[in-house]
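Asks: One structure follows; several queries about it will come next.
The values are calculated or read from the model by the stated rules, or taken from the named source; none is laboratory data. Since the model is a prediction, treat every value here as computed from it, not as a measurement. Cβ: placed from backbone, ideal geometry, glycine included. Neighbour counts: every protein chain shown. For accessibility, only protein heavy atoms count, side chains too; no ligands or nucleic acids. Shrake-Rupley method; radii C 1.70, N 1.55, O 1.52, S 1.80 Å.
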Amino acid sequence: MTDNATTQTTDSPAAAKTPAAKKLSPRARIAAGAVALALLGAGTFGAVSATAAPAQATTAAAAATVDESLTRTSTHLTLGAATRAARAAVDAAKKGGHAVSVAVVDRNGNTLVQLRGDGAGPQSYESAGRKAFTAVSWNAPTSELVKRLDQAPTLKDIPGTLFLAGGTPVQAEGAPIAGIGVAGAPSGALDEQYATAGAEALGK
């Protein structure tokens, strides 16, 4: 009776599992943990992917084509043309015996080309850019704009502007497409003369 009871206890499934669980080697435990982590990672990745998918779809859906009636085409100087104008202004000043800085800006006032002639004063570089910006902003030579200060003196307070002679606009079909500014000559009149020489070089 005693032998049979002992045999039944040893051969039962529950009893067989208990010693096996206790005898897992360190390597087996590490392998089991790696499997568990892999399963957990797969589940997490799937959850993240499922969450990200709607955001991607929303971004794609936000892109739209604008109707052509809502746009307009503007004319701009090419880099080659702007360089030619700046070079012509520097050369005109050099022939007159003066060292100047020249700036050419586009319709939005962004600098296309800026040259500083040999020997031009350090202050001339910034002044040329501001004159060009002022000329294209009001589509008028800066020598003419200086006269407007009598009626509107606060114009000179607008950032980036300089109401001194030496800037001239470049036009296409009556609209401004660029501005040329020159600074460094003995007078504003000479600065503007050289700026005009730069603009005239574009018509040749």
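Asks: Going through the stretch 100-129 one residue at a time, which ones are within 24 Å of THR161 (Cβ to Cβ) and among the small types (Gly, Ala, Ser)?
Replies: Residues satisfying the conditions are SER101, ALA103, GLY109, GLY117, ALA120, GLY121, SER124, SER127, ALA128, GLY129.
Asks: A follow-up question, please. Write out, first by first residue and then by second, each pair whose Cβ atoms fall under 8 Å of each other, whose residues are 6+ apart or on separate chains, and whose first residue, in the stretch 184-204, is open to solvent by 70 Å² or more (accessible area, probe 1.4 Å) while the second is at pLDDT 95 or above and part of a helix (DSSP H, G or I).
Replies: Pairs that qualify, where the first residue is open to solvent by 70 Å² or more (accessible area, probe 1.4 Å) and the partner is at pLDDT 95 or above and part of a helix (DSSP H, G or I), are ALA189/SER143; GLN193/ALA92; GLU200/ALA88.
Asks: Then there is this: All but one of (1) surrounded by 20 or more Cβ atoms within 10 Å (Cβ to Cβ); (2) of a type in the set (A, V, I, L, M, F, W, C); (3) in a strand (DSSP E or B) hold for ILE177; state the number of the condition that does not hold.
Replies: Going through (1) surrounded by 20 or more Cβ atoms within 10 Å (Cβ to Cβ); (2) of a type in the set (A, V, I, L, M, F, W, C); (3) in a strand (DSSP E or B) one by one, ILE177 breaks only (1).
Asks: Turning to a different aspect of this structure: Write out, first by first residue and then by second, each pair whose Cβ atoms fall under 6 Å of each other, whose residues are 6+ apart or on separate chains, and whose first residue, in the stretch 107-118, is in contact (Cβ under 8 Å) with a residue 24 or more places away in the chain while the second is of a type in the set (Gly, Ala, Ser) and part of a strand (DSSP E or B).
Replies: GLN114/ALA103
Asks: Across the stretch 143-174, what is the total count of residues that are open to solvent by less than 30 Å² (accessible area, probe 1.4 Å) and over 28 Å from the mean Cα position of the chain (by Cα)?
Replies: 4
Asks: While we're looking at this one, here's another question. Restricting attention to the stretch 97-117, which residues are of a type in the set (Ser, Thr, Tyr) and surrounded by fewer than 19 Cβ atoms within 10 Å (Cβ to Cβ)?
Replies: THR111
Asks: Collect the residues in the stretch 118-142 that are in a helix (DSSP H, G or I) and open to solvent by less than 40 Å² (accessible area, probe 1.4 Å), keeping them in residue-number order.
Replies: Answer for the stretch 118-142, where residues must be in a helix (DSSP H, G or I) and open to solvent by less than 40 Å² (accessible area, probe 1.4 Å): SER124, SER127, ALA128, GLY129, LYS131, ALA132, THR134, ALA135, VAL136, THR142.
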